[in-house]
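I have placed the structure first, in the form of structure tokens, so that the comments after it can refer back to it.
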Ligand SMILES: [Cu+2]
């Protein structure tokens with residue numbers, strides 16, 4: 001199971017893991033191309049087929065998951081998850097991804113190389129020599145066939161928007177129902193899909209589309225995966241869908257994927273999605289089934305790791321949200337907290353522990369380690385089978401509690417907190 005984290009909370013090590021993995025896929029030859037460029041080519045070949053229709057979210061979910069599995073393979077780490085960029089919040093340094101240490105910054109305004117990215121691991125002149133090979137033959141921009149990564153933040157050709165979407169835009173999109181409406185394309189006048197994809201309201205582009213045009217340069221579709229920020233952008237777009245699915249399952253009644261028929265081929269519930277033809281939209285509705293989840297889910301799965309400052313959280317139910325944070329400001333302890341109280345509902349210990357990390361192990365133990373991998377605090381739940389931990393939300397009887405469950409049959413196990421307020425559990 002891969003845990004997909006907000007890029008603003010990634011450690012320097014996690015950022016390097018991601019960029020190294022991307023560089024390795026680019027360097028891995030396959031046939032006449034490389035693994036990375038195969039994905040760029042798929043995106044350009046299927047741009048018309050997969051955008052502006054209900055399967056926009058389903059196709060990109062499968063596309064991203066395939067890419068994530070390639071990252072895991074090349075790094076030999078099946079817990080590696082794509083990071084997401086919440087562009088409605090992280091719109092400036094240092095919390096956005098366009099830093100020298102992560103994805104590199106804006107392109108240069110030098111008239112000889114307009115938009116050329118000159119810092120970070122994906123700069124053409126960096127020793128990694130990130131080189132573009134896949135181009136859009138129909139792009140009228142003469143620079144669109146230059147072999148270096150380009151970015152031109154802000155308004156530009158085809159982009160009247162000088163800003164990124166806001167949290168209010170995101171909230172409005174979450175309210176949109178149903179999933180999609182007739183005529184199931186860019187002219188659909190309402191529905192979550194077309195609002196989040198970005199063709200409503202006028203003036204276009206909004207939401208998802210706006211980010212492509214705002215980053216500009218290589219991020220202008222269809223060859224946008226040439227810029228690795230594509231994955232962080234689309235990971236957040238996928239998270240929007242996952243959050244929308246969860247939101248409308250709980251409160252407003254279940255909102256299914258539509259339509260079952262009536263959309264063009266490839267976009268109906270049980271159409272096979274090209275070019276792989278294995279999955280249908282029906283097969284990608286649940287991220288758990290696909291092998292990943294987001295850090296705003298209230299689960300800690302086997303092998304999920306929290307580094308300092310990282311957390312999992314419940315959705316807000318009846319105004320209440322509970323979260324479990326591995327908190328450096330609380331002495332590198334696990335802290336169960338709520339948005340309604342300033343104090344901790346539970347602490348792993350009330351002493352300051354050395355810096356480290358926290359993992360839900362496959363032996364069933366939740367353990368805090370220091371950087372030399374010495375255990376500092378265990379939950380003592382090594383029952384010998386896989387366990388996952390949940391933060392119970394306000395719909396549950398044990399609202400605001402941590403509860404562990406067996407992975408295989410989802411029965412609760414004998415460990416939950418609080419009480420006690422501090423320490424190891426209410427085992428036995
Ligand atoms: Cu896109």
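If you line up the long axis of helix 12-27 against the longest principal axis of the chain, both from Cα atoms, how many degrees apart are they, to the nearest 10? Taking Cα atoms only, the helix is inclined about 40 degrees.
Placing R0 at 35 angstrom, the Cβ-Cβ distance between residue 303 and residue 399 gives a FRET efficiency of 0.85 after rounding to 0.05. Neighbour counts of C-beta atoms inside 10 Å place 338, 348 in the sequence 338, 348, starting with the fewest. With a/c under 1.5 counting as rounded, go ahead and sort region 298-417 into rounded, prolate or oblate using the C-alpha gyration tensor (a ≥ b ≥ c being the square roots of the eigenvalues; past the cut-off, prolate if a/b is larger than b/c, else oblate). The shape class here is oblate. Length gained on full extension, residue 109 to residue 343, computed as 0.36 nm times the residue gap minus the Cα-Cα distance: 79.3 nm. The mean sequence distance of close C-alpha pairs (under 8 Å, at least 6 residues apart), as a share of the length of region 2-284, puts its relative contact order at 21 percent. Mind running the shape call on the chain? Use the C-alpha gyration tensor, a ≥ b ≥ c as the square roots of the eigenvalues: rounded below 1.5 for a/c, prolate if a/b tops b/c, oblate otherwise. Prolate, since a/c reaches 1.5 and a/b exceeds b/c.
Taking every alpha-carbon pair under 8 Å whose residues sit at least 6 apart, region 92-233 reaches a relative contact order of 19 percent.
Mind checking the full-extension length gain between residue 189 and residue 47? Use 0.36 nm per residue of separation minus the Cα-Cα distance, one decimal, nm.
Contour length minus Cα-Cα distance gives 49.0 nm.
Over the chain, what is the percentage of antiparallel beta bridges among all DSSP beta bridges, to the nearest 5?
Working: 38 of 43 bridges.
In the chain, approximately 90 percent of DSSP beta bridges are antiparallel ones.
One Cα centroid belongs to region 1-28, the other to region 237-284; the line between them spans 27 Å. When only Cα pairs below 8 angstrom with a gap of at least 6 residues are kept, region 298-417 shows a relative contact order of 22 percent. Against the chain, whose longest principal axis comes from its Cα atoms, helix 55-75 is set at around 70 degrees. Mind running the shape call on region 14-158? Use the C-alpha gyration tensor, a ≥ b ≥ c as the square roots of the eigenvalues: rounded below 1.5 for a/c, prolate if a/b tops b/c, oblate otherwise. Rounded, since a/c falls under 1.5.
Against the chain, whose longest principal axis is taken from its Cα atoms, helix 229-250 shows a tilt of about 60°.
Stretched out fully, how many nm does the piece from residue 9 to residue 101 gain, at 0.36 nm a residue minus the Cα gap?
Net length gain for the segment: 31.7 nm.
Readers should treat all values here as calculations from the given coordinates under stated rules, not as data from a laboratory. In this text, all values refer to a predicted model and were calculated from it rather than measured experimentally. Cβ sites come from the backbone with ideal geometry, for glycine too, and all protein chains shown count toward neighbours.
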